[in-house]
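One structure is given below, encoded as structure tokens.
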Amino acid sequence: RYIGIRSEIMGGNIIGILARRLFFFNDTATTEIYTASRVERQLLGLHATEAAPALYSAKGCPACDFQGYKGRLALMEVLRVDADLDAQIASGANTRELARAAQAKGFRTLADDGVRRVLEGINSLDEVSRVIDLTDRLAG
């Protein structure tokens, strides 16, 4: 509907949707470990009662040109459009309804993938926040 194509036509014609963002991953030789603050826990989707996780911040060295990062990886979200989502698209469901239905079936957003990478220590929260907007998590 937003791109000028009727939803009845789009239904039945979408197999899947892919989104990706490239980010730099930590140079493990120089990362520093610290405890997540209250705001960082919110950005990560953790409750205030949960223990603060160890996070990694990029520092830098001569090998990484004092950037703190080495190479790039992709954050990804892949939405497979099944019969249920297809029917919702054809019936003109709004974005919020489609997102709710996809997440009920296990769909993981770019933000979810980014948070997973931060908690695994692959990346810093600063770098993920640079490529993905996590601020909507502050409201919850």
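The values are calculated or read from the model by the stated rules, or taken from the named source; none is laboratory data. All values reported here derive from a predicted model rather than from experimental measurement. Ideal geometry is used to build each Cβ from the backbone, glycine not excepted, and the neighbour counts take in all protein chains shown. All accessible areas refer to the heavy atoms of the entire protein, side chains included, with ligands and DNA or RNA removed. Shrake-Rupley method; radii C 1.70, N 1.55, O 1.52, S 1.80 Å.
Annotations for the structure displayed:
- Checked against the criteria, Lys70 counts as assigned to a strand (DSSP E or B), open to solvent by 90 Å² or more (accessible area, probe 1.4 Å) and within 12 Å of Asn26 (Cα to Cα).
- Listed conditions (1) assigned to a loop (DSSP other than H, G, I, E, B); (2) exposed (fewer than 15 other Cβ atoms within 10 Å of the Cβ); (3) free of Cβ contacts under 8 Å to residues at least 40 places away in the same chain are all met by Gly92, apart from (3).
- Entry remark, the range 115-140: residues being over 15 Å from Tyr34 (Cβ atoms) and either open to solvent by 30 Å² or more (accessible area, probe 1.4 Å) or free of Cβ contacts under 8 Å to residues at least 12 places away in the same chain (or both) number 14 in total.
- Residues of the range 7-42 satisfying the condition of being touching a Ser or Thr at 6+ places or on another chain (Cβ under 9 Å) and either within 30 Å of Gln88 (Cα to Cα) or hydroxyl-bearing (Ser, Thr, Tyr) (or both): Ser7, Glu8, Gly11, Ala19, Thr31, Tyr34
- Search result, residues across the range 100-114 that are over 8 Å from the mean Cα position of the chain (by Cα) and open to solvent by less than 50 Å² (accessible area, probe 1.4 Å): Ala101, Ala102, Phe107
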